[in-house]
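Computed from the coordinates by the stated procedures, all read-outs in this text should not be read as laboratory data. Quantities reported herein were computed from a predicted structural model and do not represent experimental measurements. So basically every Cβ, Gly included, is an ideal-geometry build from the backbone, and we count neighbours across all protein chains shown.
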Amino acid sequence: MALQDITPINDQLADIIVRADDPWVESEPGVAWIKLLWTGPESGRWAALFRWKKGYVAPRHKHLAAAHTYILKGKLQVRGGTLEAGDYDYEPNGVLHDATTALEDTEYLFISDGHIVFYNDDGLTSYLGWEELQRMKDAAQK
């Protein structure tokens, strides 16, 4: 006899599968793409693959939640250091970034617990979170 009932209460639970041939969404023409892997609307978390051409520079930004980065290939110049293929970076809530530069063609896995805001000397310029990423993916699939 089973010790407890482990059948799910929510029968709509299912794996989320993103296939290797699912499209990359161009975020900056000719130099930057994103493949959205997962969004968690209830928590604000999201996971994506980023692909940047050598020389692409991401603008200054602040993390409004913790994030994890794992470099799959290439090199990124980040806050005075270099991340290379195989490197992992944990970024706590509140971390500020100057521009981040792709020193080589680079791909990385990025898992964020929330939004990122971009800014310049005049103030906030944009933000990125699960809703914006989902809209980008949906628009690209039309």
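Worth pointing out:
- In the range 115-142, of all residues being part of a loop (DSSP other than H, G, I, E, B) and either more than 22 Å from Pro92 (Cα to Cα) or without any contact (Cβ under 8 Å) to a residue 24 or more places away in the chain (or both), the one that is nearest to the chain's Cα centre (by Cα) corresponds to Gln141.
- Test for Thr7: is it within 12 Å of the chain's Cα centre (by Cα), polar (S, T, N, Q) and over 25 Å from Ala139 (Cα atoms): no
- Tally of residues being free of Cβ contacts under 8 Å to residues at least 24 places away in the same chain, over 28 Å from Asp121 (Cβ atoms) and of a type outside the set (A, V, I, L, M, F, W, C) across the range 66-97: 4
Every residue, every condition in (1) surrounded by fewer than 17 Cβ atoms within 10 Å (Cβ to Cβ); (2) more than 17 Å from Ile111 (Cβ to Cβ), yes or no:
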site	(1), (2)
Gln4	yes, yes
Ile9	yes, yes
Ile34	no, no
Pro41	yes, no
Gly55	yes, yes
Lys62	yes, yes
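- Residues that are part of a loop (DSSP other than H, G, I, E, B) and more than 19 Å from Arg45 (Cα to Cα) within the range 86-100 comprise Gly86, Asp87, Asp98, Ala99, listed in sequence order.
- Filtered residues of the range 1-28 (kept if β-branched (Val, Ile, Thr) and within 30 Å of Tyr56 (Cα to Cα)): Ile17, Val18, Val25
- Residue list for the range 58-85, restricted to those being closer than 20 Å to Trp33 by Cα and assigned to a loop (DSSP other than H, G, I, E, B): Pro59, Arg60, Gly74, Ala85
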